[in-house]
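Comments concern the structure below.
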Amino acid sequence: MTATQLLSPHTKDLGGGFTVRRLLPQADRRSVGPFVFFDHFGPIDVVPGMNFDVRPHPHIGLATLTYLFDGAMMHRDSTGIVQRIEPGAANWMSAGRGIVHSERAPKDLQSQTYRNHGLQLWIALPEGDEESAPSFQHAPAASIPQVRLDGAVVHVVVGSAFGATSPVETRSPTLALVFDFDVASGLSIELPALASERAFYALDLPFEIDGEKVDEFTMAVIEPGATPRLSAPRGGRVAMVGGEPLGHRFVSWNFVSSRRERIERAEADWEAQRFERIPGETEFIPLPARHP
């Protein structure tokens, strides 16, 4: 069997009734390559009066990848970046030694009904880069390569695949692709071994790996070195993530590190509000009383 593990999501409420499907981490699968966190939110229709804003909160030792299919959000962080995030763009924030950011509904959408749908993923930084300077990269949708294959269009969001390379710069070999399958094309794609660890996630409809069905909202982890055939008889979207594993990481709340004591220091710094602040922001999410 090409798929060595099937993962079902558990639901997390991020506040205000805004729930996400969380695929990583799980008790029996902590990461895929450098990806230590995989959240899928929506699609949900946001109506005036709903408040799904994520108030300022900190990170260390990781990079975040935000990729939208519908809607928009306004990113602000403690480096001074203010960036509207829209569908098809790749937004890569590297926390390094520490960053604070917020994600809020843009003002022009607060009085409208709109659909919100996307992914937010965490990527552990290599041990030598965990204390690097925080930074943010925005790659507009027009700059993300699209490759036409039989039966699907592949968006090379991060990394290199099928002869195309994303403009997003990463600290370690990292791959994030989105396959948009033609409706009922009946065609399949042979997948080269693009990374040592890979997983595929059904964003909306079931798909098949070597003829074996994977249900919607399910992640299939692939055998290393395998070159399976991917198909989607009903069309739909499939996300792929992968790369080189970086070894064990401790994860507590919003912090990732190869050293437990570094996380403890970050928790103390956030509780004492020693992190850099976001210009113009006064709110913040308190440190949880109990940590996972």
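The values are calculated or read from the model by the stated rules, or taken from the named source; none is laboratory data. Note that this is a predicted model, so its numbers are computed, not measured. Ligands, DNA and RNA are stripped out before the accessible areas are found, and what is left, the full protein with its side chains, is counted by its heavy atoms. Shrake-Rupley method; radii C 1.70, N 1.55, O 1.52, S 1.80 Å.
The alpha carbons of the stretch 1-73 occupy a box of 47, 29, 21 Å along the principal axes, longest dimension given first.
Percent of accessible area on the chain owned by carbon and sulfur, 1.4 Å probe?
So the carbon and sulfur contribution to the accessible surface is 48 percent.
Heavy-atom accessible surface of the chain, averaged per residue, reaches 43 Å², computed with a 1.4 Å probe.
For the chain, find the longest principal axis of its Cα atoms and tell me its angle to the long axis of helix 260-271, 0 to 90°, nearest 10. For helix 260-271, the angle is close to 50 degrees. What's the long-distance tail for the chain, i.e. % of Cα pairs beyond 37 Å? Within the chain, distances greater than 37 Å cover 11 percent of Cα pairs. The spacing between the stretch 56-80 and the stretch 203-256, judged by their C-alpha centroids, is 23 Å. For the stretch 108-258, the alpha carbon positions stretch 49, 48, 30 Å along the principal axes, listed from largest to smallest.
For the chain, the relative contact order comes to 21 percent (Cα pairs under 8 Å, sequence separation of at least 6). Only helical DSSP H runs with n ≥ 4 go in: add -39500 (n - 2.57) per run for the chain, normalise by residue count and round the 222 nm mean residue ellipticity to 500 deg cm²/dmol. The per-residue figure over the chain is -1500 deg cm²/dmol.
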